[in-house]
Amino acid sequence: MEPETEGPPPPIQVTPLQQMIASCTGAVLTSLMVTPLDVVKIRLQAQNNPFPKGKCFLYSNGLMDHMCICEEESKKVWYKKPGNFHGSLDAFLKILRNEGIKSLWSGLPPTLVMAIPATVVYFTCYEQLSAFLKAKLGENETRIPIVAGIVARFGAVTVISPLELIRTKVQSKKFSYKELYQFVSKRVSEDGWVSLWKGWAPTILRDVPFSAMYWYNYENLKKWLCEKSGLYEPTFMINFTSGALSGSFAAVATLPFDVVKTQKQMQLWTNEYCKFPAPLDISTWAIMKNIVADKGFSGLFTGLIPRLVKIVPACAIMISSYELGKSFFQKQNVENR
């Protein structure tokens, strides 16, 4: 009789509700830790190049990029508060000392309204799709993270895109529900329902490849690090390291589409708020050609370091806290058997 060989214990199922709670917790932690980096960046930008009325800028909470429109002329608005900063660390310390710790999370609440639901939908869909595909194709099928990542991100971006358009409009000035309804109705009647998905194409071109590369590299790095460590289950540090490395690879590879997406959104919203809007050729490929013609191929990789500074910690914190949440629920499920 052959001796039984040791192997990994059978996986304990985590319910979709538990996955949603874990991803929601991870989203909140990621936002709390990453937002100060972007607040400091925006304050430095505003100091060096003051934001005029109608100016667009990107604000990120580590989960999503949000287009913001400057409508207020007052210096009391958080992104226009005066300061005399000499670099990121100096800005961080002066904001903390002079304005209080809450200023480092300025503008966070309205962006969480969009970011948390999008993250919950994305991670839960990925987990459910992965489980379904593993049941059909087997646990060791290497294409599962790619397929699940693509479908989950495609769905999340498509669902959130119209809400992002509406949120940006609401953020620009106070709207009643009636005025918001009139705005949406006017857009739909003039340009059709597709107008609510403006900016969808470059977002898909950036986020879908990012998701595919991220999950493929993450799952494989996690498995490789476990094997090297002689572990059946990944530790917090293995998840954190795998998330950071996977995020950095995907961020570099998809940076050209991030540059195009930012420019396209800037054009759309600047044109929206301009009294005499000029006709714009805002197709994704036209913008890419213009960037290459103006700045060369390197222009498609503008902002690489700031993107890595934002993406790498966000990916590491999000995935490690998410996996920690799932581990907690797995233990709870074992105890409740």
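Some observations on this one:
- Residue within segment 44-54 that is touching a Ser or Thr at 6+ places or on another chain (Cβ under 8 Å) and outside any helix (DSSP H, G or I) present: yes
- Of all residues making up segment 197-211, the number that are among the polar types (S, T, N, Q) and farther than 9 Å from PHE257 by Cβ: 1
- Scan of segment 173-217 for residues that are modelled with pLDDT of 75 or more, polar (S, T, N, Q) and open to solvent by less than 30 Å² (accessible area, probe 1.4 Å), ordered by number: THR203, SER211
- Boolean, MET288 is crowded, with 16+ Cβ neighbours inside 10 Å and either at pLDDT below 80 or assigned to a loop (DSSP other than H, G, I, E, B) (or both): yes
- For segment 68-101, filtered to residues that are under 18 Å from LEU37 (Cβ atoms) and of a type in the set (Ser, Thr, Tyr), the residue that is most open to solvent (accessible area, probe 1.4 Å) is SER88.
- LEU104 closer than 30 Å to ILE21 by Cα, touching a Pro at 6+ places or on another chain (Cβ under 6 Å) and modelled with pLDDT of 90 or more: yes
- Among (1) within 16 Å of the chain's Cα centre (by Cα); (2) farther than 20 Å from TRP200 by Cα; (3) surrounded by fewer than 17 Cβ atoms within 10 Å (Cβ to Cβ) - the single one VAL113 does not satisfy: (2)
- Once segment 227-241 is narrowed to residues that are touching an Asp or Glu at 6+ places or on another chain (Cβ under 8 Å) and assigned to a helix (DSSP H, G or I), the residue that is least open to solvent (accessible area, probe 1.4 Å) is ASN239.
- Looking only at segment 41-67, and only at residues there that are of a type in the set (A, V, I, L, M, F, W, C) and open to solvent by 10 Å² or more (accessible area, probe 1.4 Å), the one that is nearest to ALA314 (Cα to Cα): LEU63
- Hits in segment 124-142 (condition: under 23 Å from the mean Cα position of the chain (by Cα) and surrounded by fewer than 17 Cβ atoms within 10 Å (Cβ to Cβ)): GLN128
- Hits in segment 199-226 (condition: over 18 Å from the mean Cα position of the chain (by Cα) and either without any contact (Cβ under 8 Å) to a residue 12 or more places away in the chain or not in a helix (DSSP H, G or I) (or both)): LYS223, TRP224
- Every residue from segment 291-337 that is assigned to a loop (DSSP other than H, G, I, E, B) and either of a type in the set (A, V, I, L, M) or open to solvent by 30 Å² or more (accessible area, probe 1.4 Å) (or both): THR302, GLY303, ASN336, ARG337
- Beta carbons closer than 9 Å, at least 6 apart along the sequence or on distinct chains, pair a first residue in segment 242-263 that is at pLDDT 90 or above with a second that is surrounded by fewer than 23 Cβ atoms within 10 Å (Cβ to Cβ) and outside any helix (DSSP H, G or I) for SER242/PRO234.
A quick yes/no check of all residues on (1) of a type in the set (Gly, Ala, Ser); (2) in contact with a strand residue (DSSP E or B) (Cβ under 9 Å, 6 or more places away or on another chain):
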| residue | (1), (2) |
| --- | --- |
| HIS86 | no, no |
| ILE95 | no, no |
| ASN98 | no, no |
| TRP105 | no, no |
| MET114 | no, yes |
| PHE154 | no, no |
| THR158 | no, no |
| SER161 | yes, no |
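The values are calculated or read from the model by the stated rules, or taken from the named source; none is laboratory data. Quick caveat: nothing in here was measured; it's all calculated off a predicted structure. Glycine also receives a Cβ, built like all others from the backbone with ideal geometry; neighbour counts cover every protein chain displayed. In case anyone asks, the SASA skips ligands and DNA or RNA and just uses the protein heavy atoms, side chains included. Shrake-Rupley method; radii C 1.70, N 1.55, O 1.52, S 1.80 Å.
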